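The values are calculated or read from the model by the stated rules, or taken from the named source; none is laboratory data. Keep in mind it's a predicted model, so treat the numbers as computed, not measured. All Cβ positions, glycine included, derive from the backbone under ideal geometry; neighbour counts span all protein chains shown. Accessible surface is based on the protein model in full, side chains and every heavy atom, while ligands, DNA and RNA are left aside. Shrake-Rupley method; radii C 1.70, N 1.55, O 1.52, S 1.80 Å.
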Amino acid sequence: MLKKVWGMLATVGLLITLLLVGCSSSQGTKETANKPTESNKAQEAKLKLIEEGTLSFASSGLYKPFNFKKDGQLTGFDVEIGNEIAKRMGLKPKPVTNPWETIIQGLKGNKYDAIIGSMSITPERAAQVDFTDPYYISGAQIFVSESNNTITSKEDLKDKTIGVVQSSTFKDLAAKYTSKVKSFPSDVYALQDLPPGRLDAVITDKMVGINAINEQNVKLKTVGELLYEDKIGMAVNKGNTELLNQMNKALADMIKDGTYEKISMKWFNRNILK
């Protein structure tokens with residue numbers, strides 16, 4: 001009888017021990033799941049982020065429809081691209097604004113992790129920051145009235161009246177094709193003179209013209225290829241190779257799975273990487 005009692009007690013003791021071990025293991029698993037793993041921390045350290053778990057990226061906030069404020073919130077094409085890249089990197093997106101004239105200095109001063117604000121890739125800028133692959137392409141584009149069928153290439157600009165914004169490189173470009181160059185204080189004013197026939201063509205930035213078509217409903221169309229190309233990239237601090245590589249991978253994945261085109265179509269009714 002005594003042996004039987006001791007056997008029952010031993011069995012109960014074993015069950016209690018197993019139960020306690022199981023609870024401890026389960027609790028440990030939950031705690032581990034809720035904490036950043038060492039590998040995640042090490043990975044973020046390589047990214048050299050300003051704030052743990054967050055990708056902060058800057059734009060001027062004044063370049064509609066790329067980056068601007070609506071109802072107090074920063075939005076636009078650049079912002080949506082930045083948000084998506086951050087999420088694909090497993091980070092919280094944090095779009096911020098900075099005056100354009102000091103935006104590179106802000107990056108170098110570690111105010112934010114990247115610039116995603118429609119910055120053209122130039123040799124002068126590339127000497128100060130590292131650029132990702134281009135996330136859209138702009139440049140000098142010929143625009144004519146939607147009803148104009150006489151100008152179908154740059155060769156057709158000879159002796160035509162071309163509108164440009166004053167004090168711009170477009171003025172010198174237009175002078176290669178005609179002596180009839182008319183300057184305007186704003187690209188929009190020049191573009192609005194196309195449908196009434198006061199101008200034959202306008203040479204301006206591709207995205208400025210596309211925005212006039214989409215936002216102001218100006219009846220225009222593009223002519224031919226870009227006269228010259230501006231590649232727009234995202235910028236990170238010099239030497240932040242891991243962050244650069246991961247942003248490039250996220251961008252490539254977005255393009256491959258159609259997410260990029262979906263965002264581009266939302267804002268421009270076209271794929272602006274093409």
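Checking the cross-link pairs Lys154/Lys180; Lys111/Lys206; Lys69/Lys274; Lys108/Lys256; Lys64/Lys111; Lys48/Lys111 against a 20 Å limit on the alpha carbon distance flags Lys111/Lys206; Lys69/Lys274; Lys108/Lys256; Lys64/Lys111 as lying beyond it. Shape of the range 140-217 from its Cα gyration tensor (a ≥ b ≥ c, root eigenvalues): rounded if a/c is under 1.5, otherwise prolate when a/b > b/c, or oblate? Cα axes put the range 140-217 in the oblate bin.
With the Cα gyration tensor of the range 58-140 giving a ≥ b ≥ c as the square roots of its eigenvalues, does the rule (a/c under 1.5 for rounded; else a/b larger than b/c for prolate; else oblate) give rounded, prolate or oblate? Intermediate results must be reported in sequence, preceding the final value.
Details: a/c = 1.32, a/b = 1.24, b/c = 1.06.
Cα axes put the range 58-140 in the rounded bin.
Would you list Thr122, Thr222 from the most to the least accessible area, probe 1.4 Å? Don't jump to the answer; show the numbers that get you there.
On the way: Thr122 40, Thr222 60 Å².
Greatest to least solvent exposure: Thr222, Thr122.
The label-point distance for Lys176 and Asp257, in a model that sets each label 7 Å from Cα toward Cβ, rounds to 4.1 nm. Ligands, DNA and RNA left out, the 1.4 Å accessible surface of the range 146-248 is 43% carbon and sulfur atoms.
Extension gain, Asp133 to Gln216: 0.36 nm times the residue separation minus the Cα-Cα distance gives 26.8 nm.
Per residue, how much accessible area does the range 196-274 have with a 1.4 Å probe, in Å²?
Result: 48 Å² of accessible area for each residue.
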